[in-house]
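The values are calculated or read from the model by the stated rules, or taken from the named source; none is laboratory data. Being a predicted model, the structure only gives us computed values, none of them experimental. Counting neighbours? That spans all protein chains shown, and the Cβs are built from the backbone with ideal geometry, glycine included.
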Ligand code: F6R
């Protein structure tokens with residue numbers, strides 16, 4: 001999705017903005033541009049395609065100045081070409097804007113502006129904003145007032161950053177709703193603006209996050225924040241501890257592979273400080289869960305999208321089994337329009353890596369309006385989901401750059417396991433002996449993940465056998481049914497091979513018709529309570545000539561005799577087995593895509609944070 005970077009200081013803004021945009025490349029985009037204040041006027045460079053195109057353009061025709069803004073665009077209105085790329089100048093060339101979000105009423109605004117003489121040069125919705133600002137400036141308003149007037153006319157969710165040649169010592173940024181974040185980085189005599197932390201993390205760790213309907217006037221000396229209506233707001237500067245180096249690829253060819261291998265560390269960090277192994281207790285202070293609240297809860301809705309929703313499906317099995325609370329899992333985009341039955345005894349738990357997914361945020365808002373208790377499991381610190389929630393668990397995995405989520409899938413599995421134990425204790429649903437047993441299993445997790453990773457060479461060999469596949473079926477059951485969904489999603493999103501995840505018991509109701517010698521069938525069959533059922537699935541697939549790839553527990557001779565290929569995982573307590581069974585599937589998808597020579601970190605049509613509906 002779109003990304004924004006801005007700089008005001010004493011240095012040359014161009015390399016800082018370009019470098020910041022580079023850090024946002026992982027979000028996916030189709031065009032890019034930047035604008036710099038150069039000798040009292042605004043210079044713009046923009047082009048379709050990758051950032052190298054923009055960098056080449058800047059090299060051919062350099063632009064220098066100490067104030068600049070830039071943008072990577074993911075097209076919503078108008079095709080991805082240079083004319084539609086941001087920044088967008090107004091008719092006078094005195095004001096320039098970059099924008100994330102969709103102006104829902106742009107057609108009516110465009111008509112109105114055209115009638116007043118505005119000439120549009122792009123097909124974007126964004127251009128109406130700069131014309132609105134310009135029209136207000138013509139009536140004698142200051143830049144700040146003109147932006148307020150323009151923003152108050154927009155419907156939808158927006159992040160905008162504006163620069164004017166007439167007020168050259170400031171950049172103005174604003175946020176309405178959930179079209180991604182706006183973060184202000186505080187430097188010394190210089191300031192940064194971005195839609196996402198990685199863009200500016202190498203320059204400063206002191207950040208201020210804009211809330212919805214807030215505007216920041218950013219000068220070299222600092223920022224002044226107010227509501228859209230002009231009411232000044234005191235703000236808190238947060239210090240971010242993420243190491244900028246951890247946002248780099250290091251020795252790996254792709255972020256995805258790096259992130260797969262980071263799972264030993266991310267799972268260690270997920271557990272660290274939260275588990276009291278001596279007393280068998282879980283400590284989740286930011287969740288704000290009191291015994292009174294725990295006992296009041298009658299139902300939990302887990303809401304999320306994509307991979308995060310599959311983590312939620314594992315959570316359903318765990319919470320129902322351990323804490324005995326009914327759980328429903330809902331996709332954010334469905335939940336928000338379904339008028340779900342919610343009251344103050346319902347807890348709604350959002351799961352989101354980015355914390356900025358529009359559908360998940362809208363579902364959270366729906367839940368808030370209906371009076372639910374709102375929790376979130378989120379990775380991006382300071383993100384909107386984290387701020388909306390009454391209580392949260394932070395994922396502790398650091399920045400996830402690869403578009404295909406990996407470490408931000410396994411961490412919430414462990415978070416949900418811990419939440420289930422914590423909830424069960426507070427509700428009196430679990431005795432001390434059971435609780436200590438479950439808590440003690442957590443210490444095994446990082447090492448078990450590491451043992452899966454050690455088998456990467458074997459996975460690569462299986463990947464070679466599947467590289468030409470045109471379609472694949474993934475089957476799982478019980479706590480590993482979502483593993484089948486997630487394995488299939490990983491394969492399809494980065495290798496472009498059609499793959500379907502299915503609850504294994506449903507095979508006989510239709511999909512079994514697909515099985516022939518050409519379709520690989522990936523069967524997730526570790527030693528868990530569903531093992532026998534899954535084993536018969538292997539036999540059924542083999543009987544129809546299917547090529548079976550089993551994910552199985554080390555030493556399982558029955559499976560090694562029955563399957564064509566086996567992806568081995570170490571013996572894992574069954575409630576934690578989705579953490580280990582998914583790792584070979586992440587590696588399998590990765591190696592198939594790598595063998596096919598595909599753009600693994602930025603698969604076509606995908607974006608890392610989906611801030612539009
Ligand atoms: C797939 C993937 C997506 C995300 C989904 C939700 O690998 O990454 O399916 O899981 O877009 O994103 P977040 O977790 O940021 O809300």
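Consider residue 357 against the criteria (1) in contact with a helix residue (DSSP H, G or I) (Cβ under 7 Å, 6 or more places away or on another chain); (2) within 16 Å of the ligand (Cβ to nearest atom); (3) at pLDDT 95 or above: it satisfies all of them except one. Which criterion is unmet?
Of (1) in contact with a helix residue (DSSP H, G or I) (Cβ under 7 Å, 6 or more places away or on another chain); (2) within 16 Å of the ligand (Cβ to nearest atom); (3) at pLDDT 95 or above, only one is false for residue 357: (3).
Answer with yes or no whether residue 108 is in the same structural domain as residue 231 (by TED's automatic domain parsing), modelled with pLDDT under 95, part of a helix (DSSP H, G or I) and more than 26 Å from residue 48 (Cβ to Cβ).
Working: in the same structural domain as residue 231 (by TED's automatic domain parsing): yes; modelled with pLDDT under 95: yes; part of a helix (DSSP H, G or I): yes; more than 26 Å from residue 48 (Cβ to Cβ): yes.
Judged against the criteria, residue 108 is a match.
Given the structure, is residue 396 surrounded by 20 or more Cβ atoms within 10 Å (Cβ to Cβ), at pLDDT below 95 and away from the ligand (no atom under 13 Å from the Cβ)? It would help to see each step written out before you state the result.
On the way: surrounded by 20 or more Cβ atoms within 10 Å (Cβ to Cβ): yes; at pLDDT below 95: yes; away from the ligand (no atom under 13 Å from the Cβ): yes.
So residue 396 fits the description; yes.
Quick one: in region 399-411, which of the residues that are within 11 Å of the ligand (Cβ to nearest atom) and assigned to a loop (DSSP other than H, G, I, E, B) is surrounded by the fewest Cβ atoms within 10 Å (Cβ to Cβ)?
Out of the qualifying residues, it is 403.
What tally of residues in region 84-98 results from selecting those that are over 14 Å from residue 122 (Cα atoms) and either in a loop (DSSP other than H, G, I, E, B) or modelled with pLDDT under 95 (or both)? First the steps, then the outcome.
First, the residues of region 84-98 that are over 14 Å from residue 122 (Cα atoms): 92-95.
Filter once more, keeping what is either in a loop (DSSP other than H, G, I, E, B) or modelled with pLDDT under 95 (or both): 92-94.
The number of residues fulfilling the criteria is 3.
Name the residues in region 481-536 that are within 16 Å of the ligand (Cβ to nearest atom), surrounded by 20 or more Cβ atoms within 10 Å (Cβ to Cβ) and over 16 Å from residue 582 (Cα atoms), would you?
Within region 481-536, 495, 497 qualify.
Evaluate the following for residue 330: is it under 24 Å from residue 480 (Cα atoms) and surrounded by fewer than 24 Cβ atoms within 10 Å (Cβ to Cβ)?
On the way: under 24 Å from residue 480 (Cα atoms): yes; surrounded by fewer than 24 Cβ atoms within 10 Å (Cβ to Cβ): yes.
Here the answer is yes, as residue 330 does meet what is asked.
For residue 10, indicate whether it is assigned to a loop (DSSP other than H, G, I, E, B) and either in contact (Cβ under 8 Å) with a residue 40 or more places away in the chain or within 21 Å of residue 89 (Cα to Cα) (or both).
The answer is yes for residue 10.
Would you call residue 300 in contact with a helix residue (DSSP H, G or I) (Cβ under 8 Å, 6 or more places away or on another chain), crowded, with 20+ Cβ neighbours inside 10 Å and under 16 Å from residue 377 (Cβ atoms)?
For residue 300, the condition - in contact with a helix residue (DSSP H, G or I) (Cβ under 8 Å, 6 or more places away or on another chain), crowded, with 20+ Cβ neighbours inside 10 Å and under 16 Å from residue 377 (Cβ atoms) - is met.
Return the total of residues in region 360-379 being within 14 Å of the ligand (Cβ to nearest atom) and either surrounded by fewer than 24 Cβ atoms within 10 Å (Cβ to Cβ) or not in a loop (DSSP other than H, G, I, E, B) (or both). Steps first, answer last, please.
We begin by selecting, within region 360-379, every residue within 14 Å of the ligand (Cβ to nearest atom); these are 360-364, 376-379.
Remaining after also requiring either surrounded by fewer than 24 Cβ atoms within 10 Å (Cβ to Cβ) or not in a loop (DSSP other than H, G, I, E, B) (or both): 360-364, 376-378.
Within region 360-379, residues that are within 14 Å of the ligand (Cβ to nearest atom) and either surrounded by fewer than 24 Cβ atoms within 10 Å (Cβ to Cβ) or not in a loop (DSSP other than H, G, I, E, B) (or both) number 8.
Of the residues in region 171-204, how many are in contact with a helix residue (DSSP H, G or I) (Cβ under 8 Å, 6 or more places away or on another chain) and over 22 Å from residue 19 (Cβ atoms)?
5
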